[in-house]
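These notes concern the structure reproduced below.
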Amino acid sequence: MVSGLYSWFSSMFTAFCFMFFAFTILLSLFSVVIFVWRLKLGCNCEICHAYLTSSWTEEFDNLCDWFTHLLEKSATGSIHIHVLGNTITANPENVEHILKTRFENYPKGKPFAAILGDLLGKGIFNVDGDSWKFQRKMASLELGSISIRRHGFDIVSSEIQSRLLPLLSSVSGKQQVLDLQDVFQRFSFDNICKFSFGLDPGCLELSLPVSEFAEAFDLASRLSAQRGLASSPLIWKLKRLLNLGTEKQLKQAIKLVNELAQKMINQRREKGFSDRNDLLSRFMGTINDDKYLRDIVVSFLLAGRDTVASGLTSFFWLLSQHPEVESAIREELERVVRSSDGRQKIASYDQMRDMHYLHAALCESLRLFPPIQFDSKFALEDDILPDCTFVRRGTRVTYHPYAMGRMERVWGPDCLEYKPGRWLKDGRYVPENPFKYPVFQAGQRVCLGKEMALVEMKCVVLAIISRFNVRVPNPKQTPRFAPGLTANVRGGLPVLVQEK
């Protein structure tokens, strides 16, 4: 009896293994067939061929640089990647059409929600309609008032004084290379957790503790973004179904993200939230669904950590190439912020608003290196863009801030130069048309945290350059960006720090 059962289970296990490996082989063959079909039959145009064969890498390090090259050559400022069903544009009139004029026709869409759904769930950056309106309204209550912004300023100032400056002092003059990108990611993660969730993860302690959450979040972000670059969504969906390769890694990373996000929710619930003003407490007073709260937590972590860190990393790389800009910022700081005995002191929230050159220098950096290099929508109905580009229903439409910042037709013949002065008139900052400069999006989805992000960046810049000389060992090496939801530099930004 026992031997019979053993024989039956053994045969069943063998049959299962055979079927599993046979299915895996069929999946691989299916992926190859799709690749070949798209390459040979789906589209024979030069752009699609270069994308599918990756021949563009022979000339360009970053995919976005290749797209920029193609958009610059295009007479309309728009191109088609047929194998992806994607129209990409760097035309400001098209951007205004997508984000404002025909806003209702260009939601995030179900295909986008599917790509990022495992990571972002039903968070604000991955939904449309009533769910998006609800989350945006709740967030606007938190981010819109001056008192809340001043509270955020106090949190940032405290993190700078208690952690960032001591860390930089600890490596000053020691010829010890420090990854500034990693420092900024830790700094912004501490800040967003304090501000939005009332919790302090302590990532920027002097010991620079390993953060399982940060590592898992980075991996999940990178692998989720890679889904959008696949030649067919069937490939990653089948890999997810079979729990293979990158999809297996993504599943493991998201599991850890979920566990730690739930821990944040539980901690806030234990401490109480009825008398708290942080973002999570506001949502917890209205929502009882922990899964929904988890999605909100992850979305605001993405917005508050990665974008600020990315912007600061690119800014300090640019400063390493333009010492005259750093000198001009220091001169402005000295002029605006002085105590009665002539010694420099920390800039206040109100004083920062008078530092027009600093604001211009940051906006110019974000023009060349936007943290979100491109953003996509999906057309509900057939449409024609202002440049006469036809958009078929159900297809993807992408506007490209990274490429727009490098378009001569948009910014003039000096578009590739870092020139903060282009934002100034008679010494005062003058904003640009947001559809020409959609770094913070525009229209109804314009970034609610724009002002707070800029204040955080200003605080960090002033604190560092007023006390330290930061040198990039190889400043002429252009940043190479790793695939991800935000622009992270491969290998980080190694620097040497010396106190003034």
Could you tell me how many of the residues in the stretch 474-496 are more than 14 Å from D65 (Cα to Cα) and either aromatic (F, W, Y) or without any contact (Cβ under 8 Å) to a residue 24 or more places away in the chain (or both)? 4
Any chance the stretch 246-255 includes a residue that's in contact (Cβ under 8 Å) with a residue 12 or more places away in the chain and over 17 Å from L120 (Cα atoms)? yes
For the stretch 305-322, state whether one or more residues are in contact with a strand residue (DSSP E or B) (Cβ under 7 Å, 6 or more places away or on another chain), assigned to a loop (DSSP other than H, G, I, E, B) and either over 30 Å from A114 (Cβ atoms) or modelled with pLDDT under 95 (or both). no
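Considering only the stretch 449-473, state which residues are touching a residue at least 40 places away in the same chain (Cβ under 8 Å) and closer than 17 Å to A303 by Cα.
Our first condition is that a residue be touching a residue at least 40 places away in the same chain (Cβ under 8 Å); within the stretch 449-473, this holds for 449, 451-468, 470-473.
Answer for the stretch 449-473, where residues must be touching a residue at least 40 places away in the same chain (Cβ under 8 Å) and closer than 17 Å to A303 by Cα: G449, E451, M452, A453, L454, V455, E456, M457.
Within the stretch 452-462, is there a residue that is open to solvent by 40 Å² or more (accessible area, probe 1.4 Å) and of a type in the set (A, V, I, L, M)? Can you show your working first?
From the stretch 452-462, those open to solvent by 40 Å² or more (accessible area, probe 1.4 Å) are none; that's our starting set.
No, there is no match, as no residue in the stretch 452-462 is open to solvent by 40 Å² or more (accessible area, probe 1.4 Å) and of a type in the set (A, V, I, L, M).
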Of the residues P401, P434, which single one is at negative phi and open to solvent by 20 Å² or more (accessible area, probe 1.4 Å)? P434
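Regarding the stretch 455-463, can at least one residue be identified that is on the phi < 0 side of the Ramachandran plot and part of a loop (DSSP other than H, G, I, E, B)? Let's see the steps before the verdict.
At the first step, the residues of the stretch 455-463 found to be on the phi < 0 side of the Ramachandran plot are 455-463.
If we keep only those that are part of a loop (DSSP other than H, G, I, E, B) as well, we get none.
Scanning the stretch 455-463 turns up no residue that is on the phi < 0 side of the Ramachandran plot and part of a loop (DSSP other than H, G, I, E, B).
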Condition (residue is in a helix (DSSP H, G or I), among the basic types (K, R) and buried (at least 22 other Cβ atoms within 10 Å of the Cβ)) applied to the stretch 369-389: is it met by at least one residue? no
Can you give me the number of residues within the stretch 63-105 that are open to solvent by 10 Å² or more (accessible area, probe 1.4 Å), under 16 Å from A403 (Cβ atoms) and assigned to a loop (DSSP other than H, G, I, E, B)? 4
Of all the residues that make up the stretch 404-424, how many are open to solvent by 40 Å² or more (accessible area, probe 1.4 Å) and either assigned to a loop (DSSP other than H, G, I, E, B) or modelled with pLDDT under 95 (or both)? 4
Of all residues in the stretch 51-62 being touching a residue at least 12 places away in the same chain (Cβ under 8 Å) and in a helix (DSSP H, G or I), the one that is surrounded by the most Cβ atoms within 10 Å (Cβ to Cβ): Y51
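How many of the residues in the stretch 485-500 are of a type outside the set (A, V, I, L, M) and either farther than 27 Å from A225 by Cβ or open to solvent by less than 30 Å² (accessible area, probe 1.4 Å) (or both)?
From the stretch 485-500, those of a type outside the set (A, V, I, L, M) are 486, 488, 490-492, 494, 498-500; that's our starting set.
With the extra rule that they be either farther than 27 Å from A225 by Cβ or open to solvent by less than 30 Å² (accessible area, probe 1.4 Å) (or both), the set shrinks to 486, 492, 498-500.
Residues in the stretch 485-500 being of a type outside the set (A, V, I, L, M) and either farther than 27 Å from A225 by Cβ or open to solvent by less than 30 Å² (accessible area, probe 1.4 Å) (or both): 5 in total.
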Only unsatisfied item for I465, checking (1) over 21 Å from R305 (Cβ atoms); (2) at pLDDT below 90; (3) surrounded by 16 or more Cβ atoms within 10 Å (Cβ to Cβ), is (2)
Look at P475 and say whether it is surrounded by fewer than 21 Cβ atoms within 10 Å (Cβ to Cβ) and at pLDDT below 95. yes
From the list A225, A230, A214, which one is touching a helix residue (DSSP H, G or I) at 6+ places or on another chain (Cβ under 9 Å) and not in a helix (DSSP H, G or I)? A230
Can you tell me how many residues in the stretch 106-144 are open to solvent by 40 Å² or more (accessible area, probe 1.4 Å) and outside any helix (DSSP H, G or I)? 3
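The values are calculated or read from the model by the stated rules, or taken from the named source; none is laboratory data. Predicted model only: the values in this text are computed from it and were never measured. Don't worry about glycine lacking a Cβ; one is built from the backbone with ideal geometry, like all the others, and counts go over all protein chains shown. Heavy atoms of the whole protein, side chains included, go into the accessibility calculation; ligands, DNA and RNA do not. Shrake-Rupley method; radii C 1.70, N 1.55, O 1.52, S 1.80 Å.
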